[in-house]
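Engineer: I have a structure I would like to understand better, so I am pasting it below and will then ask my questions one at a time.
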Amino acid sequence: MDFSLSSEQQMIQDSVSRFILNDYDFDTRRKILKSETGYSQKNWDKFAELGWLMLPFTEEDGGLGGSMVDLMLVMEEFGKGMVVEPFIATAVMGGGLIAAAGNQEQKDDYLPRIMAGELQMAFAYAEPQSRYHLNNVATSATETSGEYAISGQKSVILNGNHADILIVAARTSGDQNDNDGISLFLVDATLPSVKRTGYANVDGHQAADIWFENTPALGLLGEKGKALPVIETIIDKATLAVCAEAVGAMQVAHARTLEYAKTRKQFGRTIGSFQAIQHRLVNMFMEHQQAKSILLMAVLKMDSNNGSDAKALSAAKSRIGKAANLVGRETIQIHGGIGMTDEIDVGHIFKRLTTIQFLFGSTDMHTKRFASL
Amino acid sequence: MDFSLSSEQQMIQDSVSRFILNDYDFDTRRKILKSETGYSQKNWDKFAELGWLMLPFTEEDGGLGGSMVDLMLVMEEFGKGMVVEPFIATAVMGGGLIAAAGNQEQKDDYLPRIMAGELQMAFAYAEPQSRYHLNNVATSATETSGEYAISGQKSVILNGNHADILIVAARTSGDQNDNDGISLFLVDATLPSVKRTGYANVDGHQAADIWFENTPALGLLGEKGKALPVIETIIDKATLAVCAEAVGAMQVAHARTLEYAKTRKQFGRTIGSFQAIQHRLVNMFMEHQQAKSILLMAVLKMDSNNGSDAKALSAAKSRIGKAANLVGRETIQIHGGIGMTDEIDVGHIFKRLTTIQFLFGSTDMHTKRFASL
Amino acid sequence: MNLNFSTEETDFQQEVRQFLQDKLPKDIAKKTKDGLHLSKDEYVQWQQILHAQGWSAPNWPVEHGGTAWTPTQKYIFANECAKAGAPDVIPFGLKMVAPIIYTFGNEEQKQRFLPDILASNVWWCQGYSETGAGSDLAGLKTTAVRDGDEYVVNGTKTWTTLGQYADWIFCLVRTGAPSAKNQEAISFLLINMHDPKITVSPIVLIDGKPEVNEVHFDGVRVPAENLIGVEGQGWTYAKILLSHERTGIARVALSKERLVQLKELAQGSPDGANKLLDDPIFAQKVADVEINLLALEYTELRTLSAISTGQAPGPESSILKIVGTQVIQAIDELYVEAAGYYSMPFVPHQFEDDFEGQHIGSDMEANTALRYFNNRKASIYGGSNEIQTNIISKAVLGL
Amino acid sequence: MNLNFSTEETDFQQEVRQFLQDKLPKDIAKKTKDGLHLSKDEYVQWQQILHAQGWSAPNWPVEHGGTAWTPTQKYIFANECAKAGAPDVIPFGLKMVAPIIYTFGNEEQKQRFLPDILASNVWWCQGYSETGAGSDLAGLKTTAVRDGDEYVVNGTKTWTTLGQYADWIFCLVRTGAPSAKNQEAISFLLINMHDPKITVSPIVLIDGKPEVNEVHFDGVRVPAENLIGVEGQGWTYAKILLSHERTGIARVALSKERLVQLKELAQGSPDGANKLLDDPIFAQKVADVEINLLALEYTELRTLSAISTGQAPGPESSILKIVGTQVIQAIDELYVEAAGYYSMPFVPHQFEDDFEGQHIGSDMEANTALRYFNNRKASIYGGSNEIQTNIISKAVLGL
């Protein structure tokens, strides 16, 4: 049993950490958010250049054999800078689905371009009625002489507005809630029959609602009708990524709040000298430590189980969601008015910690899933 | 809208309050608990003499027309002294069932003796498997030429060991979980076919497990097979009584803790001068105030609805259960070691506040019931 | 004890209902129910409708335009307004500066200011907080130096809600020497916002809205006749007002209405094959909040009952603000949860009247996160919950 | 990073399992799993079985009888013991006074005391707390005045757990003048409990058990050779020990096992037509605790991993006691809830070995409330959670 990092892992962590420190300060991030695309192509090129986009892929697929530990290291640092570039959408989910379900031709076609930073991806899975139920798919794909045409609506798809290629979960058979009958399709996002309404989410991440109307697919990805387990595994991996991000974000939130409490004066004393505030800062600290621990648990269990352990993952999402909730709320409350402003980072951390609680399944949903497994 | 007490109500409150102050101090209560019966016959006589045993009954039934407000006033004061005499078992539940369901002959036979303090009663409803589901009754009553014989087990029946007369819920038809088919029977508790194992509960109240084996009933109480609504109403009334008791107990718990915090010194200061303790004492105070408010809500709604309002009652039990939990735990924690000892009252208040959370349905059960109504 | 309304009260309830049905503009009601920000014009429109009815200032003394309602009537009015979707009146004029003017102002000031406040002809804002003087107002630094018949005001006020619309601002300013005891150095001054030496800079909050502002005073000359009461008593006046106004501080009526809507939203929110409200965990959380709100309502009613029977409000009244904000924020969280993925998109333009594009989620869903973020302020402003807790600890528990 | 056990560790796990299966008395295991109090004889019996195996003091230095286990082995041992129902060893001798003796005692003291502690021939108890000196130990008043070759001890210690069985007590006593600085006035003294000038009076706790005691010293003469280390350094020794012993402080292994049993209990608890564990609300509460415990386990493992790779334990180790007791108490509450009505009867006699009457509820149910009450102490003793929070605030957060 050993929780220390290997030298390779230490290198990854240092490299991302340096990037956040040097190239992703709060003002830079604000400018990125206000730019036309809402993310920085320059940063994306850098991610590719530094090999981070290769981390989620095995060496066999041309990647760096990235484990969950690697993913955790990257995302925890990303969380500290609140990185909005679509790493999860493109590299973890988009590329991950092709690596998991694609045939050799598809892999050869897409993966090198993803790892080179030349291709933006999005995974179109959620629908207005599905909430967090991955088996609830109304979007349909009908086959005519080997070609598939897709119709339906997808909700709040991360990077959906910037993706070149969409991977769409659509039903090829069965009823709306059946586990069987869901298939994955590669779709050219620029087709006129793909209608996209893009927007930024409250946390600054780009997303879109997408409508398909008899949209021809580029091809089937993986086995027809058997996509659900693949989808679950990749959503779990993306969930792990946001869990790690939340742990990084909480660390910054706590550090900022602690720093503020040590300097801000009220009634002639620093507010950190008031015992009630001290105890709440300790409570935030404990929440962050517990979140960090359960993240480690999930990472190690997933890594020792071929990248998948739904029970461990759901435990982590549940516990980290609770911690994110408390740490986020307390960060604002202890900062007072200044924490409510758009001008400083804590409000933005709070917003990201809020969306993470609901992204890929709420805290309660994951608690329930943990208990059921 | 007026929440002030009428002069009659003020008199009741004063009278019970004086009794607690003068005749029911903590040492007296300890002696009562250690006595053979575990309650005081002298006090019981006094309850009768002062007319308190008449309060739950209408004037038509020979009582004092007691409303829920009256019941609240008595029980809130009882809570301040942690009274263990079987007021709820005998007067509220036992007498209440006869008043609600009995025929004139039964009323004439039992009610005067109950109000005079000459008869002890118990309501045998819960069973090992029923938990808080009043419709779950396995105990059966079989009829042979107009006579009923009862067989089955009843669990943790308050005052079950001292009752002269038991009222037993037994199934005369239907399956174990049917709403229909439950009947009430009057049973002579001293019959040899009634096997009773008595004990004190952790809160000092007397109770018993009771086994019936072909026990002949004294008679059917109310309509055959239609007892469930009557049972629900009387259990709700008993629940309101313990809610009021809890509100009284919380008031004492908070007062004791506040007093302790103002006098106990650590590190050269009173512990009440530490802000973290101050904020927790405020929190306890707010819980008690909210509990008091929702009690009032339930009392007034039940009184304005013929003594029954399940939704209001369940709201009160739920909220008061939460408050009792927090106030009880904090009372012990802020007292520290001394609060853990049998020697002073706060540990006993904590125990009673604990059992009340589960008596007549847990906090969660009542929350769920509230939502379903 | 008696929970029932009298015949007069029932009649009054009917009258309020009828008024709201006839006079409350439908578009304003819809925006309010969806938790959207109203424009200045919309606020003024509604407040002038109230004024036309004689109901714009229920708490004022009758001689200045108050209604002489009993606490129960105020309770009925607040409940009916919330149910109908009437927006809150902007408090700075009608509820904050007016009581100070009619209590501590001179006759000339009353004549000059109160009628326009009553009629919502003039928009007021509040100049209390400063950077470095938030919960601890005594530390404020804006100065007003007497020069002949004028005060010269320098400094910066912050968190000035809706100050961008204001015609007038009421300020706590430091008139005494910096060495003077805090309480005796602070005065209460009314300042015309149209003075060119005043600049207003918006502060964008985390919901993306410029709801609050910084107000900079750069040598603004204010006639001494705009001083309320006695120099050096400003802090006393402000404090008396704070402890005076209890009705409605718990926001019970609003929270009740929002819970009704939340349950509608959750009843309509699909959750895979089911409805979200059928999820036992979610339903339990909603019930918990609903029950706590019910308790809070009776805590407020206990206070009102004490007042209406001539007693002083008991210690229970001290918890109204804290528990009220806890309930508001708990409801906000449940809304976000109910909206699920549709709590995430930041699409403020879709709430504009002239927006014609594709709506993302329902308006109620799309607004949940913004409202959640905005309402974090509820436990911060007007005396943070920590300050409220300290007050209860000291004043009620004697610690 | 690596979660797997090595072959050696797996072998060790197997060895521990085999030992427990062969040697742990079944009746002791059952009582332990039901959370019942063991008798002195049962504790001694089990500790002597451990001693015979050489495993009674894993944390001791090897030269005094320790096992030289790695942190991972200790973790394995604790987990297997909890799963099998092995009782905790009574800590006062083996875990509390022994480390002080082998670290700060002289050679003669080591020879004299350690072997009997290792073999559980002698029962020790702890004399730290006094009325008026609980969390604030520096305020203690028991005096030891030097008189020739002896100290004369006067005063009263309290909360002395299982002191009624003790042969020896280790005490913090005041040897300096009352005016001396607290830290320099306190010494560490070993006292024979069989001295006739010592009286022990039981304190009944709210679970009805006399688990703790007051110990009165009325002019007890203690040989000066029983002083550990240097006079005036007692507080330092005690503090070093407190910060030293981290393994197991979170009680993770025990809580894990208790959760397994809780789920069995809830799976067997009828809830009308269903089982309690099928109740979504109850199941969610169990899952919440289970998840928090899982996090705590990894917080402990992070600490162990740091120690075993030669690093200092990180800040995470400071939260073990607080979160550990929160988990214990949350589990206690769930047990009470699972038992329902059968949590209420107070029937201590039915747990006696020779009880032949009618059992009320199952033993596990009947014990839930008593255990809940008893375990409230977990957040009070050994430095209350408030003190622990203050320590983290100061030492870790720098506040």
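Engineer: Taking the axis about which chain C rotates onto chain D, which residue of C lies nearest it as judged by Cβ position, and how many whole Å separate them?
Structural biologist: C:280, 2
Engineer: Of D:263/D:377; C:40/C:95; B:237/D:285; B:322/C:285; A:42/C:209, which sit over 19 Å apart, Cα to Cα?
Structural biologist: Details: D:263/D:377 24 Å; C:40/C:95 17 Å; B:237/D:285 29 Å; B:322/C:285 13 Å; A:42/C:209 30 Å.
D:263/D:377; B:237/D:285; A:42/C:209, as the Cα separations exceed 19 Å there.
Engineer: Another question, then. Using the Karplus equation 6.51 cos²θ - 1.76 cosθ + 1.60 (θ = phi - 60°), what ³J(HN,Hα) coupling, rounded to whole Hz, does each residue of region A:33-38 give in order, writing x for Gly and Pro?
Structural biologist: 4, 7, 6, 4, 7, x
Engineer: Here's something else I'd like to know. Determine the shape class of region C:124-232: with a ≥ b ≥ c the square roots of the Cα gyration tensor eigenvalues, call it rounded for a/c under 1.5, and otherwise prolate if a/b is greater than b/c, oblate otherwise.
Structural biologist: Numbers: a/c = 2.21, a/b = 1.41, b/c = 1.57.
Oblate shape, in that a/c is at least 1.5 and b/c is the bigger or equal ratio.
Engineer: Quick one: grab the alpha carbon gyration tensor of chain C, order the square roots of its eigenvalues as a ≥ b ≥ c, and give me rounded if a/c is under 1.5, else prolate or oblate depending on whether a/b is larger than b/c. Intermediate results must be reported in sequence, preceding the final value.
Structural biologist: On the way: a/c = 1.64, a/b = 1.42, b/c = 1.15.
Prolate, because a/c is 1.5 or more and a/b exceeds b/c.
Engineer: With each pseudo-label sitting 7 Å past Cα toward Cβ, what's the residue A:118-residue C:218 distance in nm, one decimal?
Structural biologist: Label at residue A:118, label at residue C:218, 5.5 nm between them.
Engineer: With r defined as the distance between the Cβ atoms of residue C:122 and residue A:36 and R0 fixed at 30 Å, what FRET efficiency is calculated, to the nearest 0.05?
Structural biologist: Numbers: r = 42 Å, r/R0 = 1.41.
It comes out at approximately 0.10.
Engineer: Of A:42, C:285, how do they rank once you tally other Cβ atoms within 10 Å and put the fewest first?
Structural biologist: Details: A:42 11, C:285 18.
Ascending number of Cβ neighbours within 10 Å: A:42, C:285.
Engineer: Sticking with this structure for a sec: If one computes the Cα centroid of region D:340-398 and of region B:67-106, what distance in Å separates the two points?
Structural biologist: Between the Cα centres of region D:340-398 and region B:67-106 lies a distance of 32 Å.
Engineer: Could you identify which residue out of A:225, A:117, A:174 has the top mean-square fluctuation in a GNM of chain A using Cα springs shorter than 10 Å?
Structural biologist: Answer for the Gaussian network model of chain A: A:174.
Engineer: Here is a follow-up. Using a 7 Å offset from Cα along Cα-Cβ at residue B:145, what residues in region B:211-245 end up with backbone N under 19 Å from the label point?
Structural biologist: Taking a point 7 Å out along Cα→Cβ of residue B:145, the residues of region B:211-245 whose backbone N falls under 19 Å are B:214-220.
Engineer: Let me ask something else. Taking each label point as 7 Å beyond Cα in the direction of the beta carbon, state the distances from residue A:36 to the same residue in the other copies, shortest first, in nm.
Structural biologist: Residue A:36 label point versus its equivalents elsewhere: 9.7 nm.
Engineer: Now for a different question. Treating the angle as unsigned and between 0 and 90°, give the value, to the nearest 10°, between the Cα long axis of helix C:252-268 and the longest Cα principal axis of chain C.
Structural biologist: 30 degrees
Engineer: Would you look at the GNM of chain B, springs on alpha carbons closer than 10 Å, and say which of B:279, B:133, B:205 moves the most?
Structural biologist: Ranking B:279, B:133, B:205 by mean-square fluctuation puts B:279 first.
Engineer: Please arrange D:240, D:191 by how many other C-beta atoms lie within 10 Å of their C-beta, fewest to most.
Structural biologist: D:240, D:191
Engineer: Turning to a different aspect of this structure: Enter the angle in degrees (range 0 to 90, nearest 10) between the Cα long axis of helix B:68-81 and the first principal axis of the Cα atoms of chain B, meaning the one along which they spread out most.
Structural biologist: On a 0 to 90 degree scale, this one is about 60.
Engineer: Right, another one. What FRET efficiency comes out for residue C:26 versus residue C:69 if R0 is 25 angstrom and r is the Cβ-Cβ distance? Round to the nearest 0.05.
Structural biologist: FRET efficiency, residue C:26 to residue C:69: 0.45.
Engineer: In debye to the nearest 20, how big a dipole does chain C give about its Cα centre with +1 on each Lys and Arg Cβ and -1 on each Asp and Glu Cβ? Working shown, then result.
Structural biologist: Details: 34 positive and 50 negative charges, 174 e Å.
Using only the charged Cβ atoms, the result is roughly 840 debye.
Engineer: Which shape class, rounded, prolate or oblate, goes with chain B when its Cα gyration tensor gives a ≥ b ≥ c as root eigenvalues, a/c under 1.5 marks rounded, and past that a/b bigger than b/c marks prolate? Let's see the in-between values first.
Structural biologist: Working: a/c = 1.74, a/b = 1.73, b/c = 1.01.
Judged from the Cα gyration tensor, chain B comes out prolate (a/c at least 1.5, a/b above b/c).
Engineer: Another question, then. What's the exposure ranking of D:239, B:31, going from fewest to most Cβ atoms within 10 Å? Let's see the in-between values first.
Structural biologist: Details: D:239 12, B:31 9.
Final ranking by Cβ density, sparse to dense: B:31, D:239.
Engineer: Using a Förster distance of 30 Å, how high is the FRET efficiency between residue A:269 and residue D:183, based on the Cβ-Cβ distance and rounded to 0.05? Working shown, then result.
Structural biologist: On the way: r = 27 Å, r/R0 = 0.90.
Plugging the Cβ-Cβ distance into 1/(1 + (r/R0)^6) gives 0.65.
Engineer: Now for a separate question. Hey, for residue D:145 with labels 7 Å out along Cα-Cβ, what do the inter-copy distances come to in nm, ordered shortest first?
Structural biologist: 7.0
Engineer: Would you mind telling me which residue in B:165, B:344, B:157 has the biggest mean-square fluctuation in a Gaussian network model of chain B, where springs connect alpha carbons within a distance under 10 angstrom?
Structural biologist: B:344
Engineer: Counting DSSP beta bridges with both partners in the protein assembly as shown, what percentage is antiparallel, nearest 5? The partial results should precede the final answer.
Structural biologist: Working: 130 of 152 bridges.
In the protein assembly as shown, DSSP labels about 85 percent of beta bridges as antiparallel.
Engineer: Something else now. Using the crude model of +1 on Lys and Arg Cβ and -1 on Asp and Glu Cβ, and no other charge, please compute the dipole size for chain A relative to its Cα centre, in debye to 20. Please list the in-between numbers first.
Structural biologist: On the way: 35 positive and 44 negative charges, 384 e Å.
It comes to approximately 1840 debye.
Engineer: Along Cα-to-Cβ, 7 Å out, sits the label point; list in nm, shortest first, how far the one on residue B:8 is from those in the other copies.
Structural biologist: From this label point to the equivalent ones elsewhere in the assembly: 8.6 nm.
Engineer: Could you work out how far helix C:234-244 tilts from the main Cα principal axis of chain C, as a 0 to 90 degree angle to the nearest 10?
Structural biologist: Helix C:234-244 and the main axis of chain C meet at about 30 degrees.
Engineer: Next question. Work through the residues other than residue B:333 whose Cβ is under 11 Å from its Cβ and net out their charges, Lys, Arg +1 and Asp, Glu -1.
Structural biologist: On the way: positive: B:280, B:329, D:376, D:377; negative: B:330, D:386.
My count for the surroundings of residue B:333 gives +2.
Engineer: Shifting gears a bit: How far is the Cα center of region B:275-320 from the Cα center of region A:300-321, in Å?
Structural biologist: Each part reduced to its Cα centre gives a spacing of 41 Å.
Engineer: If you stretched the chain out fully between residue C:145 and residue C:106, how much longer would it get, using 0.36 nm times the residue separation minus the C-alpha to C-alpha distance?
Structural biologist: Numbers: separation 39, 0.36 × 39 = 14.04 nm, distance 2.14 nm.
Length gained between residue C:145 and residue C:106: 11.9 nm.
Engineer: Turning to a different aspect of this structure: At 7 Å along the Cα-to-beta-carbon direction for both residue C:362 and residue C:194, put a label point, then send me their distance in nm to one decimal.
Structural biologist: So the two model labels end up 4.5 nm from each other.
Engineer: Need the C-alpha centroid separation for region B:222-259 versus region D:242-301, integer Å.
Structural biologist: Cα centroid to Cα centroid, the span is 31 Å.
Engineer: Per DSSP helix of 4 or more residues, -39500 (n - 2.57); summed, then divided by the residues of chain D. What does that give at 222 nm, rounded to the nearest 500? Write down the numbers at each step before the final one.
Structural biologist: Values: 14 runs with 171 residues, N = 399.
Calculated at 222 nm, the ellipticity per residue is -13500 deg cm²/dmol.
We did not get these values from a lab; they are worked out from the coordinates using the rules stated. Nothing here was measured: the structure is a model prediction, and the numbers come from that model. Using ideal geometry, Cβ is built from the backbone for each residue, glycine included, and neighbour counts are taken over all protein chains shown.
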